[in-house]
Amino acid sequence: MTEQPSFSVAGKTVLITGGTGGIGGAFARGFLTHGAKVIVADLKPPRELQPRELQPRELQPGDLRPDIRYEPLDVRDDAAVDALAARIETLDTVIHCAGRLVRWEEYKPEVFMDILNIHLVGNLRLANAFRPHLRATQGCLINIGSMYSYFGAAHIPAYAAAKTAVVSLTKSLALSFAADGIRVNAIAPGWIKTEISRPGREDPAFNAKVTARLPGGEWAEPEDLAGTAIFLASPAARLITGVTIPVDGGYTAS
Ligand SMILES: NC(=O)c1ccc[n+]([C@@H]2O[C@H](COP(=O)([O-])OP(=O)(O)OC[C@H]3O[C@@H](n4cnc5c(N)ncnc54)[C@H](O)[C@@H]3O)[C@@H](O)[C@H]2O)c1
């Protein structure tokens, strides 16, 4: 009889780019809670590791943990990604969660290319650099799409193009990396309360359009995505590769 698959990520090591951000931070907390070790790679350090004067609030017990490590990283920098890969010994999961968008500025080619570089080329860079690590652990890569993986956006055309391409890259990498026993999937978050989405939430017309289509009528918390990432990283997802899973409160269904 086939063994029942485990949902556990205990003891696994997870690298999260953009791990200082809203969604990446929720992933970090989720994996830590379930016994994994987390490496946060971001342009800026997580709040717990920032100098005291920069912290928006007092440290709480549990903020500083031995199982979390910060690595400064710009995912646009080939050499920095390669250097990080050389510093990391073992890795079970890479989540590419770094992100940026610039409303109404992305028609400028240099901005367009920067957004593509972070979301799409950054994805490829990480996949290439960490393929040997993931091969060694039979691990997985988790990419981050968006609702804009499925439709266009007049105000953020580069972001939408990148997020659509992430779905395709996820399929191509899944086919290529299967030879090494590595799974590659993506999560397409719905409407999540973080910094990147703040301008949209604070634009009354945009906000009304989004919430009108959401069956629950509300933006979600970053924590609402963590369970899907943990599941995808667990042995229970061993047959899942090449897919993008919307975690969107029913937005794409309506
Ligand atoms: N918030 C949403 O509603 C939503 C919806 C769909 C998809 N997403 C995606 O989720 C991911 C996480 O976004 P978030 O909502 O947590 O936003 P966020 O702004 O809270 O976090 C983004 C993080 O990425 C980091 N970052 C930006 N550029 C970087 C670079 N060049 N190198 C390394 N780190 C860099 C930032 O420092 C920040 O910590 C992004 O890919 C975003 O596009 C977010």
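The values are calculated or read from the model by the stated rules, or taken from the named source; none is laboratory data. Quick caveat, the model's predicted, so the values are computed rather than measured. Virtual Cβ from ideal backbone geometry, glycine too; neighbours counted across all protein chains shown. The protein model used for the area step is the full one, side chains on, heavy atoms only, and it has no ligands, DNA or RNA in it. Shrake-Rupley method; radii C 1.70, N 1.55, O 1.52, S 1.80 Å.
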request  = For the chain, with all protein chains present and a 1.4 Å probe, just round the carbon and sulfur fraction of the accessible area to a whole percent.
outcome  = 58
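For the chain, what does the helix formula give at 222 nm: sum of -39500 (n - 2.57) over DSSP H segments with n ≥ 4, over the residue count, nearest 500 deg cm²/dmol?
Numbers: 8 runs with 92 residues, N = 254.
Calculated mean residue ellipticity at 222 nm is -11000 deg cm²/dmol.
What's the FRET efficiency of Leu175 with Arg87 using the Cβ-Cβ distance as r and R₀ = 25 Å, to the nearest 0.05? All intermediate terms of the calculation are to be shown ahead of the outcome.
Working: r = 29 Å, r/R0 = 1.17.
That pair, Leu175 with Arg87, gives E of 0.30.
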inquiry  = To the nearest 20 Debye, how big is the dipole of the chain about its Cα centre, given +1 on the beta carbon of each Lys and Arg and -1 on that of each Asp and Glu?
reply    = 320
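Percent antiparallel among DSSP beta bridges with both residues in region 13-253, to the nearest 5? Before the final figure, lay out each step's value.
Details: 0 of 28 bridges.
Around 0 percent of the beta bridges assigned by DSSP in region 13-253 are antiparallel ones.
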inquiry  = Compute a Gaussian network model of the chain, connecting alpha carbons closer than 10 Å, and tell me which residue from Pro45, Pro132, Pro199 fluctuates the most.
reply    = Pro199
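Summing Lys, Arg as +1 and Asp, Glu as -1, what charge do residues with Cβ under 11 Å from the Cβ of Glu106 carry, Glu106 excluded?
Details: positive: Arg100, Arg103, Lys108; negative: Glu105, Glu110, Asp114.
Net local charge, Glu106 excluded: 0.
May I ask you to compute the full-extension gain from Arg69 to Ile240, defined as 0.36 nm times their residue separation minus their alpha-carbon distance, rounded to one decimal in nm? Walk me through the intermediate numbers first.
Details: separation 171, 0.36 × 171 = 61.56 nm, distance 2.86 nm.
58.7 nm is the gain from fully extending Arg69 to Ile240.
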message = With just the Cα atoms defining each centre, how far is region 154-189 from region 91-152? Give it in Å.
response = 8
query = Picking from Gly145, Ala26, Ile196, whose Cα lies most toward the positive end of the charge dipole for the chain (charges on Cβ: Lys, Arg +1; Asp, Glu -1)?
reply = Gly145
ask   = Counting only pairs 8 or more places apart or on different chains, how many lysine pairs in the chain have C-alpha atoms closer than 25 Å?
value = 10
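Quick check: convex hull of the Cα atoms in the chain, volume per residue, rounded to a whole Å³? Display every interim value, and only then the final one.
Values: hull volume 37.1 nm³, N = 254.
Hull volume over Cα atoms, normalised by residue count, gives 146 Å³.
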message = Charges on Cβ only, +1 for Lys and Arg, -1 for Asp and Glu, centred on the Cα centroid of region 13-253; of Gly122, Asn185, Val102, which one is farthest towards the dipole's positive end?
response = Asn185
message = Full-extension gain between Glu3 and Arg201, please, as 0.36 nm times their residue separation minus the C-alpha to C-alpha distance.
response = 66.7 nm
ask   = Per residue, what accessible area does the chain have, given a 1.4 Å probe and all protein chains present, in Å²?
value = 48
